[in-house]
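Quick notes on the structure that follows.
The values are calculated or read from the model by the stated rules, or taken from the named source; none is laboratory data. Every value quoted in this text rests on a predicted model; they were computed, and no experiment measured them. A quick note on method: Cβ atoms are made from the backbone with ideal geometry, for glycine too, and the neighbour counts reach across all protein chains shown.
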Amino acid sequence: MMECVSVCVVVLMMSAARGHSLRFNDLTDYVNKHQEEYVQALRDWVSIESDSSDVTKRAELQRMMGVVEEKLREMKGNVDVMDVGTQTLEDGSIIPLPKVVTAAFGEDENKHTVCVYGHVDVQPARREDGWATDPYNLTEINGNLYGRGASDNKAPVLAWIHAVEAYKALDMELPVNVKFLIEGMEETGSNGLDVLVAAQRDAFFSDVDYIVISDCGWQSARPALTYGTRGNAYFYAQVEGPKQDLHSGVDGGAVIEPMTDLIAILDTLISASGEILIPGVTDAVANFTEEERKIYEEVDFDMETYRRTIGVERLMYDNKVDLLAHLWRFPTVSIHGIEGAFSGHGTKTVIPAKVTAKFSIRQVPNMEPAVVEKQVTDHLHAVFEQRKSPNKLKVKMVIGAKPWLADIKHALYEAGKRAVKRVFGVEPELIREGGTIPIARTFQDVTEKDIIMLPIGGFDDGLHSQNEKISRYNYIEGTKLFIAYLHEVSHIKKD
Ligand SMILES: *[C@@H]1O[C@H](CO)[C@@H](O)[C@H](O)[C@H]1NC(C)=O
Ligand SMILES: *[C@@H]1O[C@H](CO)[C@@H](O)[C@H](O)[C@H]1NC(C)=O
Ligand SMILES: [Zn+2]
């Protein structure tokens with residue numbers, strides 16, 4: 001009896017020890033051995049044209065969500081498919097939004113719970129846009145896997161799934177509980193997700209400790225942790241004049257043209273040296289500290305390569321730190337287009353009666369889109385007023401996404417550094433993202449959980465453009481990174 005007890009205790013202790021030690025080599029061997037399957041899974045996912053911006057592709061997008069759901073069920077996750085309501089199209093018809101797929105693996109109260117957010121919808125892509133390969137037929141060339149959605153965001157979502165799968169396949173206990181939240185409308189603004197996150201605050205999110213987002217890329221060949229994204233305030237400015245379009249040969253000279261008004265007011269937004277001219281807009285911008293400068297100095301960034309890649313003669317700033325600062329942590333104004341203006345070939349002499357400019361101002365800490373909205377609206381009306389034009393100006397902010405910024409000293413980032421070190425043998429770069437990932441801020445504000453962005457995409461993956469790709473290396477080593485990360489998070493002290 002005594003003997004049996006002690007033997008049993010030893011066995012128990014051994015299995016407990018096994019549960020918590022990381023058999024990392026076994027896991028990476030497993031990943032290496034299964035990489036062809038992982039590439040095939042990505043090929044299957046990329047072959048589904050889950051373009052959320054094109055409603056004629058909605059059946060494909062629904063099919064994509066079904067594939068995700070089925071995969072998570074196969075893995076024995078606790079799967080829940082959540083309705084996020086409907087979408088009203090421009091013609092007034094109403095169609096259902098793709099449901100959000102969630103899954104939970106493990107519910108051990110003694111462990112941390114990590115929620116992985118990802119999306120499986122994609123931007124539009126057509127061969128004629130300049131793709132060298134069929135965008136929906138994953139094609140490997142020189143170690144790169146080309147296909148729409150390969151890097152944004154299908155491979156990262158699959159890498160997370162395969163990370164969990166590897167632990168399960170080797171019968172290793174997951175070091176943390178893992179939840180998934182996978183949506184299908186990210187590329188068009190995550191319709192319905194805000195409402196869902198708020199509704200699930202005390203349900204799905206109640207036991208979540210940390211949220212991980214892998215929906216961005218590195219800045220160089222070195223792995224990175226992303227700790228900030230800019231927000232965006234997107235405006236429509238509409239000038240309306242005559243009842244109908246005029247013909248300049250007949251009517252030109254009789255009116256102040258709406259287009260003339262519009263160009264004049266747009267020209268008061270930003271100077272040639274990049275200074276925002278709207279009164280008050282930059283007042284709230286956080287001061288650029290010495291500490292922050294030091295972080296930027298550590299980033300691998302070759303100005304000359306960058307200049308050549310984007311194909312310009314001269315950049316606005318002549319040193320790395322200032323350039324990065326203006327990409328990541330200062331606001332800027334971008335003018336995107338003018339609706340209603342003549343944009344075809346040839347020399348039509350039309351005078352458009354109503355034109356709408358689309359421009360945006362990237363938001364950084366501590367700007368408030370609601371304040372910016374008033375500043376921009378007041379400014380444009382004041383400038384317009386001075387023109388004494390008989391035309392009408394309407395200004396409207398249509399997107400008001402706040403920036404997101406994490407604390408790089410947080411344990412989540414320390415865990416990220418250890419995981420990168422383990423897999424890649426180097427320290428990660430700490431980077432920010434100049435673009436906008438609104439869901440990060442929503443998660444932060446609504447769930448009040450700590451968030452990390454842990455990218456695996458390459459700096460040259462071409463998200464949203466032609467010939468998007470992820471390298472096999474980033475995909476497979478990224479899977480190992482996620483495996484290591486789950487382990488490192490389990491070492492964060494519970495508070
Ligand atoms: C994808 O491309 C490969 C190589 O060009 C070709 O053999 C295959 O038939 C294509 N598949 C589809 C579904 O078009
Ligand atoms: C930036 O620093 C200046 C001088 O120290 C201070 O007056 C100002 O309020 C600071 N701005 C912000 C947005 O914190
Ligand atoms: Zn994305």
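Which of the numbered conditions does S248 fail, given that it passes all the others? Conditions: (1) surrounded by fewer than 17 Cβ atoms within 10 Å (Cβ to Cβ); (2) within 19 Å of the chain's Cα centre (by Cα).
That leaves (2) as the condition not met.
If you take just the strands (runs of 3 or more DSSP E) that sit entirely in the stretch 158-274, which of them hold at least 2 residues that are under 29 Å from R58 (Cα atoms)? Spell out the reasoning first.
Numbers: elements: 177-183, 210-213, 224-229, 231-240.
Filter on the stretch 158-274 gives 177-183, 210-213, 231-240.
Quick one: which residue in E183, E187, E257 is within 30 Å of V371 (Cα to Cα), buried (at least 16 other Cβ atoms within 10 Å of the Cβ), in contact (Cβ under 8 Å) with a residue 12 or more places away in the chain and not β-branched (V, I, T)?
Of E183, E187, E257, the one residue that is within 30 Å of V371 (Cα to Cα), buried (at least 16 other Cβ atoms within 10 Å of the Cβ), in contact (Cβ under 8 Å) with a residue 12 or more places away in the chain and not β-branched (V, I, T) is E187.
When the residues of the stretch 142-157 are filtered to those that are part of a loop (DSSP other than H, G, I, E, B) and over 20 Å from the mean Cα position of the chain (by Cα), which remaining residue is surrounded by the most Cβ atoms within 10 Å (Cβ to Cβ)?
The selected residue is G143.
Just to verify a result, which residue in the stretch 123-141, among those that are assigned to a loop (DSSP other than H, G, I, E, B) and over 16 Å from E49 (Cα atoms), is farthest from ligand 1 (Cβ to nearest atom)?
Initial filter on the stretch 123-141 (assigned to a loop (DSSP other than H, G, I, E, B)): 123-126, 130-138.
Retained after the next criterion (residues that are over 16 Å from E49 (Cα atoms)): 130, 132.
Working: G130: 18, A132: 11 Å.
Checked the stretch 123-141; the qualifying residue farthest from ligand 1 (Cβ to nearest atom) is G130.
Within the stretch 444-495, which residues are closer than 18 Å to Y38 by Cα, outside any helix (DSSP H, G or I) and more than 18 Å from the chain's Cα centre (by Cα)?
Within the stretch 444-495, just S471 meets the criteria.
Only one residue in E90, E70, E74 is out of contact with any Leu (no Cβ under 7 Å at 6 or more places or on another chain), among the acidic types (D, E), at pLDDT below 95 and surrounded by fewer than 19 Cβ atoms within 10 Å (Cβ to Cβ), so which one is that?
Within the list E90, E70, E74, the selection yields E90.
Scan the stretch 55-72 and tell me whether some residue there is of a type in the set (S, T, Y), under 21 Å from P96 (Cβ atoms) and out of contact with any Lys or Arg (no Cβ under 6 Å at 6 or more places or on another chain).
yes
Suppose we filter A401, A406, A357, A370 for residues that are modelled with pLDDT under 95 and within 27 Å of D283 (Cα to Cα); which single one remains?
Selected residue: A401, the only one of A401, A406, A357, A370 that is modelled with pLDDT under 95 and within 27 Å of D283 (Cα to Cα).
Could you list, in sequence order, the residues of the stretch 368-392 that are surrounded by fewer than 20 Cβ atoms within 10 Å (Cβ to Cβ), β-branched (V, I, T) and under 25 Å from P438 (Cβ atoms)?
V371, T377
Name the single residue, out of those in the stretch 275-285 being part of a loop (DSSP other than H, G, I, E, B) and hydrophobic (A, V, I, L, M, F, W, C), that is farthest from ligand 2 (Cβ to nearest atom).
Across the stretch 275-285, the extreme among qualifying residues is L277.
Only one residue in N474, N467 is modelled with pLDDT of 95 or more and at positive phi. Which one? Lay out the reasoning, then the answer.
On the way: N474 fails: at positive phi.
After applying the criteria, what remains is N467.
Residues in the stretch 102-109: is at least one in contact with a Ser or Thr (Cβ under 7 Å, 6 or more places away or on another chain) and either without any contact (Cβ under 8 Å) to a residue 12 or more places away in the chain or crowded, with 22+ Cβ neighbours inside 10 Å (or both)? Outline the logic, then answer.
Initially, the stretch 102-109 is screened for residues in contact with a Ser or Thr (Cβ under 7 Å, 6 or more places away or on another chain), giving none.
Checked against the condition, which is being in contact with a Ser or Thr (Cβ under 7 Å, 6 or more places away or on another chain) and either without any contact (Cβ under 8 Å) to a residue 12 or more places away in the chain or crowded, with 22+ Cβ neighbours inside 10 Å (or both), the stretch 102-109 yields no hits at all.
All but one of (1) modelled with pLDDT of 95 or more; (2) charged (D, E, K, R); (3) surrounded by 12 or more Cβ atoms within 10 Å (Cβ to Cβ) hold for E275; state the number of the condition that does not hold.
Answer for E275: the failing condition is (3).
Residue check, F288 against (1) within 16 Å of ligand 2 (Cβ to nearest atom); (2) not in a loop (DSSP other than H, G, I, E, B), all met but one. Which one?
It is condition (2) that F288 fails.
Return the pair list, or none, for Cβ contacts closer than 7 Å from residues in the stretch 366-381 that are among the aliphatic types (A, V, I, L, M) to residues that are surrounded by 14 or more Cβ atoms within 10 Å (Cβ to Cβ) and in a helix (DSSP H, G or I), at least 6 apart or on different chains.
L380/I265
Find all pairs meeting these conditions: Cβ atoms under 9 angstrom apart; at least six residues apart or on different chains; first residue within the stretch 298-314 and among the aromatic types (F, W, Y); second residue part of a loop (DSSP other than H, G, I, E, B) and surrounded by 10 or more Cβ atoms within 10 Å (Cβ to Cβ).
Matching pairs, first to second residue: F301/Q219; F301/S220; Y306/L315.
Tally up the residues in the stretch 241-255 that are modelled with pLDDT of 90 or more and more than 18 Å from R387 (Cα to Cα), please.
Number satisfying all stated conditions: 4.
Can you tell me which of S343, S360 is more than 16 Å from ligand 1 (Cβ to nearest atom) and in a loop (DSSP other than H, G, I, E, B)?
Answer to the selection: S343.
Checking the structure you have, find out if any residue of the stretch 352-362 is buried (at least 20 other Cβ atoms within 10 Å of the Cβ), closer than 14 Å to I263 by Cα and of a type in the set (A, V, I, L, M).
Yes, some residue in the stretch 352-362 is buried (at least 20 other Cβ atoms within 10 Å of the Cβ), closer than 14 Å to I263 by Cα and of a type in the set (A, V, I, L, M).
Of (1) assigned to a helix (DSSP H, G or I); (2) touching a Leu at 6+ places or on another chain (Cβ under 6 Å); (3) surrounded by fewer than 20 Cβ atoms within 10 Å (Cβ to Cβ); (4) not aliphatic (A, V, I, L, M), P365 satisfies all except one. Which?
It fails just one condition, (1).
Is it true that A103 is away from ligand 3 (no atom under 16 Å from the Cβ) and within 24 Å of the chain's Cα centre (by Cα)?
On the way: away from ligand 3 (no atom under 16 Å from the Cβ): yes; within 24 Å of the chain's Cα centre (by Cα): yes.
So A103 passes the test.
Pull out all pairs, ordered by first then second residue, where Cβ-Cβ is under 7 Å, the residues are six or more apart or on different chains, the first lies in the stretch 197-220 and is over 14 Å from K179 (Cβ atoms), and the second is part of a strand (DSSP E or B) and acidic (D, E).
C216/E433; Q219/E429; S220/E429
Working only within the stretch 447-495, note down all residues that are more than 30 Å from D26 (Cβ to Cβ), of a type in the set (G, A, S) and out of contact with any Ser or Thr (no Cβ under 8 Å at 6 or more places or on another chain).
S465
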